[in-house]
Amino acid sequence: MNQENRLFNLLVGFGAFFLLIILKLFYLQVIKHDYFIDLALANQQGYREVEAHRGEIFIQDFHSGSDFRVATNTTLPTLFVDPSFVDNPTQVASSLFEILFNSKTALEKENKRVEIERAKLPSELLEQEKALIVPKKSISELKMDYINELEQKVAKKYRDEILLVNNPESKLMSDLLKLSLPAVEVTKDYVKIFPKRISDQKVYAKALAPVLEMNIQKLERLLLGENRYIVLQKTLSPEQAKKVSELKVKYKQDFKGVGLIDEVYRFYPENSLAGALIGYKNQDGGQYGMELFFDDLLDGENGVYQTQIDGLGKQIAVSDDSVLKDAVDGSDVYLTIDRSIQMVVEDVLEKAVNQYDANFGQVIVMRPKTGEVLAMANYPDFDLNNYSNALETVVFEAPAEHLEEEDYNFDDRLEKFNYSGFKEYYYMLDEEIYKDVRVIPEESEKSGEIFYKKYKNNVGPAVFRNKAILDTFEPGSVFKPVVMAAALDVNLVTPQTMINDDGPITVDEFKIDNALSKHYGEINMTEVLETSNNIGMAWIAQNLGRKLMYSYIERFGFNDETGVFFYNEPSGRMNSYLKWANSELVTHSFGQGLTVTPLQMISSFSALANDGVLMKPTLVKKIVHSDGRVENFEPQVVRRAVSSQTASKITAMLTSVIDNGQAKSGQVPGYSIAGKTGTAQTYKKGKPLEGPGTTYASFLGYLPASNPEVVVMVKLDKPKTTQWAGSSSLPTFSKIADYLINYLNIPPDRKKF
């Protein structure tokens, strides 16, 4: 081959090589331009982990045998922008406005702003005057405000401030203060830097790097204050995400700084169902309920994701040799709750709380033979997907006479919380018209005047609390069967043992009497329960004695936690029998002077229904781990509380309470029911209160009495249409019992009458 041919071939080879390079660059810079822009933008977040899939929470359905998710995960896009890539912020903002702006949300926010601002004005001003001082913006004005705010975000290429350290240690604070750098702000809560005040990043980086133990080059780049990642809106709908993607195609050049990235969120398909039991998850992890108790187990373990970095330590791309450690997904938790029963119970409870104007209500449904909880309802409730709505407030015109009462002095507050960046102090207004309104005094920064807000739901964060497990109360007369069972078990009495109820008795300096001061003369032990007789129970207590009665109360599980999977479960309160006064011995026999939880109370009745055997209550059926291992939770016997014979006797006596006593309205045709009402007083400054709105009204019952399948507890807190359990909690129980009979296909044990 001559020299000319060799030269020609060499030129062709070089030409082809350069052509390939040009084509590759065209492919990367033009064809794949948007892909790499989005990749670069996403990498600005600096993720180094693969997030584990959080475990799910399930409940069951008795009839279908299916499991239903009540806590799961969903992926929704987040819209963000890197202002350094945006050349036309006006075009971007105006285009995104059409997708993001929500008129309803904007008007609601404006109404709330106006309400609060007008409340700060002097009260003597007329509403017309307040409206002139604080006018309400039109929808057109709100739209313009939104566009302007959006444009400012999109155009903001540099940050005003950078948070370097949260809650710095004292030594770090001291070292930073010694540097005396004008652009650095040091407090016990944070260390912030203000890039616009920095004249020379190199000087600052050199001074700060050793103290902060950071790379000088990285710190110097950080001190520039470049704003590389701004969230414009989270949780976009699929329709919104599609429209944003279409804009990115339509306006390639203008939208090259706009990106979408999928983020995982906790989602609750059943919304408010069993909310206080399940709890919720936010950015800090599980909050309340099962989400909190099983937080670590549900969370799993994140994987490690190592990417290429440049000389400054900046992640630049995903390479083929990236190191990936697989994430370990969280475990799934299966509850004993039955979906259908829970739904119906919550519906019945909501109607009861509203009908009887109660502050709160709780219902528990349990299988006595296993201790499984089939339903656990609290009302008021909340939407797990929008839990922050429970903290929404409105301006409240509280009557001055209530605020001036000593009980409502701001220096004697019941609870303290901290939400929304300012302290809110809560206290109760127990007047009938306001239920349990929690009022928040807030001071106006301008005028220094105090105005008041209240929660829209009246109770605020109290809805997050599972009162069925966590709240203690004086049980009142529903406690009588426990003490009666003790007397039967030691052969102190039989159901036919007679006593004489001929009037009140005096113990220590206290008068002990029946409700409404009604007396019954010669009655037997069954009639003591039928008439809910305090005089008869006092006689039993005095003959049982302190030590024996105390031991039986403990055998039924009181004064101790049940051990159910729930944080901060209380044990109730009952002093040692060695400290009981004579009056305490007597009052304890009818449920006064001691406190219990609803879960403890239903567990004790379950023992009576279960042949005298106390079962450990359980909310969790099984846990399925990510490796396939299944952890089952079988029924667990705690102890025998009373003999089988005693359980049969007390069940017959409680059946007579429904058939012949004060709870006749609880009868269900074709079924024997064993049950007892309880109307417990509340106190103010140590003195018992009387009348509607002052009691805890509860009913406990199991059916059929001949072979109990379910135990139900209904508790209404301070019903205001009636003070008696017999006319509030009992009819609520009957509605639930009717449903359970049909749903569980419980066969009748009596002829219908």
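The values are calculated or read from the model by the stated rules, or taken from the named source; none is laboratory data. Everything numeric in this text was worked out from a predicted model, so none of it was measured. Quick reminder, even Gly has a Cβ in these numbers, built from the backbone with ideal geometry, and neighbours come from all protein chains shown.
Values for this structure:
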item	result
Strands (runs of 3 or more DSSP E) completely within the range 334-425 that count 3 or more residues being surrounded by 15 or more Cβ atoms within 10 Å (Cβ to Cβ), of a type in the set (Asp, Glu) and modelled with pLDDT under 95	none
In the range 113-139, residue farthest from the chain's Cα centre (by Cα) [restricted to those that are among the basic types (Lys, Arg) and in a helix (DSSP H, G or I)]	LYS130
Residue that is free of Cβ contacts under 8 Å to residues at least 40 places away in the same chain, buried (at least 19 other Cβ atoms within 10 Å of the Cβ) and among the aliphatic types (A, V, I, L, M), where the choices are ILE535, ILE553	ILE535
Within the range 140-238, strands (runs of 3 or more DSSP E) holding 3 or more residues that are closer than 30 Å to TYR265 by Cβ and under 37 Å from the mean Cα position of the chain (by Cα)	162-166, 230-233
Of all residues making up the range 556-595, the number that are among the acidic types (Asp, Glu), over 18 Å from ALA607 (Cβ atoms) and without any contact (Cβ under 8 Å) to a residue 24 or more places away in the chain	1
Test: residue in the range 145-163 that is in contact with an Asp or Glu (Cβ under 7 Å, 6 or more places away or on another chain) and at positive phi	no
Test: residue in the range 112-132 that is surrounded by 15 or more Cβ atoms within 10 Å (Cβ to Cβ), among the β-branched types (Val, Ile, Thr) and touching a strand residue (DSSP E or B) at 6+ places or on another chain (Cβ under 9 Å)	yes
So ASN707, is it closer than 30 Å to ALA487 by Cα, surrounded by fewer than 16 Cβ atoms within 10 Å (Cβ to Cβ) and outside the structural domain of THR597 (by TED's automatic domain parsing)	yes
Unmet criterion (only one of (1) without any contact (Cβ under 8 Å) to a residue 60 or more places away in the chain; (2) within 22 Å of ASP611 (Cβ to Cβ); (3) aromatic (Phe, Trp, Tyr)) for TRP724	(2)
